[in-house]
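Have a look at the structure below, then the notes.
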Amino acid sequence: MPEPAGTGTADAADRGATASAPRSRVGGPTHVGTASTDPLARATYRLLRITLVALPVLLLVASFLVWVTGGRIERSISDYYDGDLRDVFVAMLAGIAVCLVAYRGFPAVEDYTLNWAGFLALVVAFVPNSLTAELERLDGAARTQAALPARIVLTSLLVVSAAVVLVEWRTTRATVHAARTARDGGWVFWLMTVLGVAVVALLVVRLVQPGTTFAWLHGAAAVVLIVSLALAVLSHGWPATDAESDRRYRAIYLAVAALMVAGLVLWPALERAGVEEAILAVEWWEIVLFIVFWVTETVRTWDPVAIEPLHLPDEPGTPVPPLAPPQRPATPRPHGAP
């Protein structure tokens, strides 16, 4: 979570504070944390985490009400795009994407995978599941014209995403370096990079392809989105501290990540068994498991802990520039002053 400089434990020591320093955790993207001392940062952090739970619950409640009132269950979450919940579906994915990118995960591997997840969520939202079938029914100029809105939106997404990546690279390079060189989770960085770049490459190919139908793009983005969320959960499965409580949480998160992977394996098995709602069942399985992780981690970090600053290898001892302007330390009042 980005936090202002000048409010960390070092300032407390300078002021002669006697309270013990908060437990630190290596791998965060910003300065030594102060969300525990800055009420605005703490409230923003909590609200952001709560919002990431509320958005998928919104779709869950709306789809349940559609079933109650109309008796209709779609074959997948994406199929709600073609029904009464189109606006809810797109708004949910767009909102989740913004939250995932804005949220500063720790360890650094989590932040990296969640950034990819945010991008992929937008691809899933902007390329409907039914778009390929609709375009395949058209030919020539009619198909080109029908595909134009998706081309415009996806091209805009690539341009804006490239700008965001450039800004992120210039301001938080140490986060990428930490994710790439992590002792335990470095392979997660490379796996996520390969999968994410593959989706981007497919997107670019579909954009430049004459008479494109955007085939496989929605499905590829959806699968890699689920994988990225599972990897974000898995990033908490390696030691951050030696505290007993952290060991318990690590066991929970490893179990959640394993169940998310099992869901992807279960999908083709359900399809072969003839379950019509196999995709829908697996999608909600994955979402519910990620919510379990997110709520558990929210409870654990409700009072945020300090995050040790990251350094680039060529800048030893130089902290990452803060994402908020420094705050002036409070001037101690003379003894007995009103």
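Structure data summary
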{"read-out": "Positions within region 35-89 being part of a helix (DSSP H, G or I), among the β-branched types (Val, Ile, Thr) and within 30 Å of Val299 (Cβ to Cβ), in sequence order", "value": "Thr44, Ile50, Thr51, Val53, Val57, Val61, Ile77, Val88"}
{"read-out": "The one condition in (1) in contact with a Pro (Cβ under 8 Å, 6 or more places away or on another chain); (2) open to solvent by less than 60 Å² (accessible area, probe 1.4 Å); (3) at pLDDT 75 or above that Asp82 fails to fulfil", "value": "(2)"}
{"read-out": "Criterion: open to solvent by less than 70 Å² (accessible area, probe 1.4 Å), in contact with a Ser or Thr (Cβ under 6 Å, 6 or more places away or on another chain) and of a type in the set (D, E, K, R) - qualifying residue of Arg206, Arg151", "value": "Arg206"}
{"read-out": "Some residue of region 99-107 being assigned to a helix (DSSP H, G or I) and farther than 19 Å from Val57 by Cα", "value": "yes"}
{"read-out": "Residue that is of a type outside the set (A, V, I, L, M, F, W, C), surrounded by fewer than 17 Cβ atoms within 10 Å (Cβ to Cβ) and either under 24 Å from Leu234 (Cβ atoms) or modelled with pLDDT under 95 (or both), where the choices are Gly185, Gly118, Gly140, Gly196", "value": "Gly140"}
{"read-out": "Filter pass, Ala178 being over 13 Å from Phe214 (Cβ atoms), open to solvent by 70 Å² or more (accessible area, probe 1.4 Å) and of a type in the set (Gly, Ala, Ser)", "value": "no"}
{"read-out": "Boolean, Trp285 is assigned to a helix (DSSP H, G or I), open to solvent by 30 Å² or more (accessible area, probe 1.4 Å) and either at pLDDT 90 or above or touching a strand residue (DSSP E or B) at 6+ places or on another chain (Cβ under 7 Å) (or both)", "value": "yes"}
{"read-out": "Test: residue in region 97-114 that is open to solvent by 30 Å² or more (accessible area, probe 1.4 Å), small (Gly, Ala, Ser) and without any contact (Cβ under 8 Å) to a residue 12 or more places away in the chain", "value": "no"}
{"read-out": "Tabulated pairs, region 262-274, first under 18 Å from Val224 (Cβ atoms) and modelled with pLDDT of 85 or more, second aromatic (Phe, Trp, Tyr) and surrounded by 15 or more Cβ atoms within 10 Å (Cβ to Cβ), C-beta under 6 angstrom, 6+ apart or interchain", "value": "Gly263/Trp285"}
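The values are calculated or read from the model by the stated rules, or taken from the named source; none is laboratory data. What you are looking at is a predicted structure, and each value in this text was computed from that prediction instead of being measured. Don't worry about glycine lacking a Cβ; one is built from the backbone with ideal geometry, like all the others, and counts go over all protein chains shown. Protein only, heavy atoms only, side chains kept; ligands, DNA and RNA dropped before computing areas. Shrake-Rupley method; radii C 1.70, N 1.55, O 1.52, S 1.80 Å.
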